[in-house]
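Values quoted throughout were computed directly from the atomic coordinates according to the rules given, and no laboratory measurement underlies them. Bear in mind that the values here come from a model prediction, so they are computed numbers and not experimental data. A quick note on method: Cβ atoms are made from the backbone with ideal geometry, for glycine too, and the neighbour counts reach across all protein chains shown.
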Amino acid sequence: MSNNLRINKNNFIDQTVRISFKFNGKKLFGYKGDTLASALLANNIHLVGRSFKYHRPRGIMTCGSEEPNAIVQVGKDPALTDPNVRATEIELYEGLEAFSQNCWPSVNFDIGGINNFLSPLLPAGFYYKTFMWPASFWEKYEFFIRHSAGLGKSPTKPDRDLYDHQYVHCDVLVIGGGISGILSAKLSAEKGLNTMLINDKSYLGGSTIYQDDDIFKINNETSNVWLKNQIEELKKIPNLTIKNRTSVAAFHGYNYLLARENLTDHLSAHERKEKIRQRLLKIRTKKVVIATGAIERPLIFNNNDRPGIILSSSIKKYIDYYGVKTGKNISLFTNNDSAYETAISLNKSGVKVKVIIDIRENSNSILSEKIEKTGIKILRGYTITNTNGYKRVNSIEVMKLSKDGGSIVGNKITYKCDCLGISGGWTPMVHLFTQSGGKLKFRNNDNVFIPDENKTPSEQISVGSSNGDFELDDVINNTVKNIKIFLGLDKNNYENLDIKCSKEKQKRNIWLLPSNKPISKTKPFLDFQNDSTAKDVKLALREGFKSIEHVKRYTTTGMGTDQGKLSNMHALGIVADTTGTNMGELGTTTFRPPYTPLTFGTIVGRNVGEFFDHTRRTAIHDWHVENKAEFENVGQWKRPWYFPRNGETMYQAVQRESKAARESAGILDASTLGKIDLQGEDVSEFLNRIYTNAWSKLAIGKCRYGLMLNEDGMVYDDGVTTRLGENHYIMTTTTGGAANVLSKLEDYLQTEWPELNVYLTTVTDQYSTMSICGPNSKKIVKKIIPSLDLSDEGFPHMSFKNSKINNVNCRIMRISFTGEHSYEINVQSNYAKDVWEKCIEAGKEFNITPYGTETMHLLRAEKGFIITGQDTDGTLTPSDLQMDWIIGKKKYDFIGKRSLYRSDTIREDRKQLVGLLTDDPKEVLEEGAQLVESLEKPIDMLGHVTSSYFSPNLNKSIALAVVRSGKKLNGKKLIVPMENRNIIVTITDAVFYDKENKRLNA
Amino acid sequence: MFIINCPYCGERDQTEFSCGGEAHIERPKQPTELSDDQWAEYLFMRKNIKGIQFERWNHIHGCRKWFNVVRDTSNDKIHAVYKMGERPPIK
């Protein structure tokens, strides 16, 4: 470890606790309080990755969430490895293992580096322009592009970590733990408001906490000492919650915010055990204070991306906070005063500052005077035209700027250095403000977009640097003044502080600094993560892109995981300069959540595995499990799919079950069908309006099948409704449609027909349904309920009876979805398993066979009964389904009626439901397969297969399909083209079995 | 995500509600007497305004009641909430 890069005295790093970690397999040491980035810099490691496109060596450039280069993969465990993590944000812990991304075979020798020499061939839009043709080659290109472009690797095993969600309600949410956030939180909490302070760092105090210089004083204390005292007081306030290591990801309307709280990412593996890793806070607050600060801008000049080139304020933080020297011979390059603060800090810590290059012609402030006293050389009105050094900057080339700043004059001066600090001014972090709907305004004198106070959504305020105040006195005074109004406060202690600080007097801004070379021969990087340069932006403009949103996408500027935190302002500036537009008119690109990346774990929280969705089980579920059912998911329901015996395949089981149901008896758990209880004197009128057929004359004790349409005339749901009493009906719906049907019915009752006296109650869960079918079903029911009259006269098809099984009340409907003589027994769910077992017991002598959804589907297909959602898809009318018989033509109106004779719905070439038989009766079609008339190209698609089975009862393959003009095509041969053969089919009637319905009364 | 003041339950999170589209589109009393164009007007044509829009909402995970909401679609600000059958309190 190069100890000589650490300064010994430091308040923030605990040098008594040494921490070992690995970077790219090499064992290194740091101290408690370090980030991975500060520990690497202390080990003299700047080179941490390769750039995205040109694979240029890149180093740590910042100290925060805006970091574009130092993006690493953390951890090796295939379940826990974390890609795309910013080294500047990872707190060092014992055993941390991190790897460079986007380089192969190693960061020091990267084969992709050849792209740097090919860069004249890789302009903006290169991929779009080059890999377009021939289209069939895309698969080949894609492999290489994705392979070389990878930013980190996803975990390959399920995440073992725990994540959590928490709802938070507060009066005031303060975002940002810097000086303005601290003052806001303190003022709010002292007023007695329930306040939460969110801070993305592990410590409070922002950059002021390490601002230790006589220039910056508050009430005669240095600003850091004063702030430390404020923080100590703050921590004692009971109605204030401080969330450190927490980052607000999104600010939605109505003051709803999402924040990610990191709970264990800074701990070693054994300290993390059984703790929640990250928590998503879902915050609803009355008021929001945005105090998210500002980030420093880089400067855009030739070769501004070499390792060792770091934001000037970050160099200051590394020396003042972490006690780490980012170099031994540092130069600074700036357009403002803040680099001078860095120079003072470096000088105080004994780091040599060779030269400060300032593009301004003058600078006279307290800061510049102090620098001049130290003897550090300031070159005013100069710029850097080039930097040298491949894996680390080793020298800079400096030339004088012309008066207008558009070109350079004079001779080149070269300075050696091992680190260059750059500062292009400050950008307020307005992301959250704009996410919430706020609009920005442009301040010309220092080129910043700041919140427009007239276009700020209500109940929020921006303060401090995020509101465009960059100097200590402005930050404090304006924060206190505005918070006082925002929270309606009385006089407070912060109103008349004695604040001393330096004031910046001169400003000069040049978005793209000139070089002594033509721009085509330079590499002035804008977006360091996505490798786009100022040249790319200019090229995009030449090629006709005008909108800043288009320029962004074409050049990919600002589209990396850092979302252009460093690059966006310069891209805008260069576009404005090149097109002669005012930046305020140009506007910004859209800021979208999340502000910093979230893990998927945080987003899903506990909703993984069995908690991903609700699971609904019927009251008979345990019996199905005991009897080895295979289950199918139908919506949230677990339904028995088939009941394999002795190692049967699904096909074998279904063939056996289907045959048994027709030859003797089968039993189905139909409890999942939706059941709606309808009561009230207008139910029959209501049914008339919602079903296509007539309901007024349905007698008590009778059942009727109904088809429900949408207002557009398309089939929506179907089911049998039974009249239990004068004003009492029970409706069944499809399993999947139950909730939607109930909502739709409620909608009509509440909004269109409030005059109807109808009450709807869902009883799907309260009642369980078992359906016994087959020629022996009558005998089985007779055994269970000997007293019941089961004669066709006493209990005909489509009728219902109340009865008792032992002492259990039951409703028995004689209805059939298989075409067999069948009974549906409905009992209160608590008794269902018992009644089911009685049916099984009673049916034993008849080989009663439990069957699942697959056999049910097969049996109904033999009869040509549709399943809404399988044979229909929301584009078929009753007539398309050849169900014209169910349309009550005499009825004046019902939902969807008018749509049945729109010009589109009466077309004769609509797709219509038909039956299909394969020429080879053994050939079973695939559901979804296309139907065509000829194979001559271009091939016209006539329709597709909706249901297909091998029928054991007919001993041949059967299918249902929708075919254009299908009604007229009976007997026609069509082709089903498959991958390696063509299947010939014949269109037939959709009813394959027992066309005369003799078996219903068998 | 906004907060809706259900006229039956009070203020609740948007996740409890579902939106039923534009309000005050009455189902024609005599659909059979309408031309295809008139019926299509009822069936398909919606305003989709940027600005003040009158909408139907359902407190689907609450009291299941339908009601009307006046919402500014450009900023989600809700200007009024009123029951089915009531006149809009603002124009």
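General observations
- Residues A:Arg443, A:Arg902, A:Arg542, ranked from the fewest to the most other C-beta atoms within 10 Å, line up as A:Arg542, A:Arg443, A:Arg902.
- Computed from Cα positions, the angle between helix A:223-235 and the longest principal axis of chain A comes to roughly 30 degrees.
- Sequence-distant residues sharing a close amide H with B:Gly20 (under 5 Å, placed H): B:Arg56, B:Trp57, B:Asn58
- Using only alpha carbons, segment A:524-590 has a radius of gyration to Kirkwood radius ratio (Rg to Rh) of 0.92.
- Peptide B:75-87 - average C-beta neighbours from other chains (10 Å radius): 2
- Segment A:274-346 shape via C-alpha gyration tensor axes, a/c threshold 1.5: prolate
- Helix axis angle, A:338-348 relative to chain A longest principal axis, alpha carbon, degrees: 60 degrees
- Working note: Cα atoms of segment A:230-322, range along each principal axis, descending, whole Å: 49, 40, 29.
- Each other residue within a Cβ distance under 12 Å of A:Lys228 adds +1 if Lys or Arg and -1 if Asp or Glu, for a net charge of -3.
- Pairs exceeding a 28 Å alpha-carbon distance, out of A:Lys325/A:Lys416; A:Lys32/A:Lys377; B:Lys65/B:Lys91: A:Lys32/A:Lys377.
- Length-normalised contact order of chain A in % [C-alpha pairs under 8 Å, at least 6 apart]: 9 percent
- Residue order, fewest to most beta carbons within 10 Å, for A:Ser458, A:Ser532: A:Ser458, A:Ser532
- For residues of A:704-717, the mean tally of beta carbons on other chains within 10 Å: 1
- Cα-based shape type of segment A:349-391, given that a ≥ b ≥ c are square roots of the gyration tensor eigenvalues and the cut on a/c is 1.5: oblate
- Whole-Hz Karplus values for segment A:240-249 come out as 10, 10, 10, 10, 7, 6, 10, 10, 6, 8 Hz, taken residue by residue from phi with 6.51 cos²θ - 1.76 cosθ + 1.60 and θ = phi - 60°; glycine and proline positions read x.
- Extents of segment A:857-1002, largest first, come to 52, 49, 24 Å (Cα atoms, principal axes, whole angstrom).
- Potential lengthening between A:Glu543 and A:Lys275 on full extension [0.36 nm per residue; Cα-Cα distance subtracted]: 91.1 nm
- Reachable lysines, given that their alpha-carbon falls under 19 Å from the alpha-carbon of B:Lys29 and they are not under 8 places away in the same chain: A:Lys744, A:Lys889, A:Lys890, A:Lys891, A:Lys897
- Descending principal axes extents, the protein assembly as shown, alpha-carbon based, whole Å: 115, 69, 62
- Candidate cross-link partners of A:Lys804 among the lysines, defined by an alpha-carbon separation under 24 Å and a same-chain spacing of 8 or more, comprise A:Lys675, A:Lys702, A:Lys778, A:Lys779, A:Lys782, A:Lys783, A:Lys833, A:Lys838, A:Lys844.
- Rounded to 0.05, the FRET efficiency of the A:Lys782 and A:Val608 pair, given R0 = 41 Å and the Cβ-Cβ distance, is 0.20.
- Sequentially through segment A:751-760, phi angles give Karplus couplings (6.51, -1.76, 1.60; θ = phi - 60°) of 10, 8, 10, x, 6, 7, 8, 9, 10, 10 Hz, Gly and Pro residues having no value and appearing as x.
- Three-way shape label, segment A:593-735, alpha-carbon gyration tensor, a/c 1.5: oblate
- Long-range amide H partners of A:Lys377 with built H, under 5 Å: A:Ile356
- Angle between chain A longest axis and helix A:832-843 axis [Cα atoms, degrees, rounded to 10]: 40 degrees
- Per residue of peptide A:743-754, the mean number of Cβ atoms on other chains within 10 Å of the residue Cβ is 4.
- Segment A:669-843 - Debye-derived log10 I(q)/I(0), Cα point model, q = 0.17 Å⁻¹: -1.06
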